[in-house]
Amino acid sequence: MTPTSATANRVDPVTASVIRGALENIAIEMGYKLMRMSYSSIIRESEDFGAAIIDAHGNQLCESIQSTPLQSGPLPGYVRGIMKQMEERGDTIEPGDVILHNDPYGGASHGPDVGFVVPVFYQEQLVGFAVTAAHHLDIGALSPGSCGIVDAMDAYAEGLQFKAIKVYQRGVKIEPVWQMLRDNIRTSKLVVGDMEAQVAACRIGAQR
């Protein structure tokens, strides 16, 4: 008996459940790693972050159970915004890259919610992304902290803007970008430490 195209492409419920559980556990592990490694209480205790696995088309496959809806919901938008920005620039996504993004007009939520994205490759083909976003204590806005953005006239007044910026390229750290972050953020040790925790969480997600 020859199976029809509909039955041939069908995934049985048991297999689907196993795959779903495995993906969810990856996102949960990402969340716990971010919480353990973060420097600030806004991530470690308030859990104002999101962690997820996104497919190569920008569709969310799973998210960390610790994620707040405000942070996990926009994560597919971060990825789509990054892919659009990079396509417009003629840039490419390569293994070992880590991409920084917080553009509110490019899928992100607002300036202090900064996302980091690590692409996942299988047999040299891009298959998805491990993504984290977190609210940061300061992003170089008009006034210290995040409260000043309420009175911001535009996105520039909200602080530093990152539009699909590579902070690692093919596994090599782009040190001038990190130095720029340290030079323009008031609580740089705290915030940059949290950012590095985001990168670590994304990497463990990509490896898993």
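The values are calculated or read from the model by the stated rules, or taken from the named source; none is laboratory data. None of the values given here were measured: they were computed from a predicted structure. Positions of Cβ are backbone-derived with ideal geometry, glycine not excepted, and every protein chain shown enters the neighbour counts. Side chains are part of the model used for accessible areas, which takes the heavy atoms of the whole protein and leaves out ligands, DNA and RNA. Shrake-Rupley method; radii C 1.70, N 1.55, O 1.52, S 1.80 Å.
Of note:
- Note on the stretch 94-103: among residues that are in a loop (DSSP other than H, G, I, E, B) and open to solvent by less than 30 Å² (accessible area, probe 1.4 Å), the one that is nearest to Thr68 (Cα to Cα) is Asn102.
- So Arg203, is it farther than 16 Å from Ile43 by Cα and touching a helix residue (DSSP H, G or I) at 6+ places or on another chain (Cβ under 7 Å): no
- Subset of the stretch 104-124 that is buried (at least 22 other Cβ atoms within 10 Å of the Cβ), of a type in the set (Gly, Ala, Ser) and outside any strand (DSSP E or B) - its residue that is nearest to the chain's Cα centre (by Cα): Ala108
- Taking first residues from the stretch 169-182 that are under 13 Å from Glu196 (Cα atoms) and partners that are of a type in the set (Lys, Arg) and open to solvent by 70 Å² or more (accessible area, probe 1.4 Å), the Cβ contacts under 9 Å between residues at least 6 apart in sequence or on separate chains come to Arg182/Lys189.
- Here is the figure for the stretch 127-164: residues that are assigned to a helix (DSSP H, G or I), among the hydrophobic types (A, V, I, L, M, F, W, C) and either within 21 Å of Ser46 (Cβ to Cβ) or open to solvent by 40 Å² or more (accessible area, probe 1.4 Å) (or both) total 3.
- Filtering the stretch 57-73 to residues that are open to solvent by 70 Å² or more (accessible area, probe 1.4 Å) and under 12 Å from the mean Cα position of the chain (by Cα) leaves only Glu63.
- Annotation note: of Gly77, Gly31, the sole residue that is assigned to a helix (DSSP H, G or I), among the small types (Gly, Ala, Ser) and over 30 Å from Asp154 (Cα atoms) is Gly31.
- Among the candidates Arg44, Arg36, Arg10, residue that is open to solvent by 70 Å² or more (accessible area, probe 1.4 Å) and in contact with a Ser or Thr (Cβ under 7 Å, 6 or more places away or on another chain): Arg44
- Hits in the stretch 139-149 (condition: closer than 15 Å to Lys189 by Cα, at pLDDT 80 or above and more than 18 Å from the chain's Cα centre (by Cα)): Gly140, Pro144
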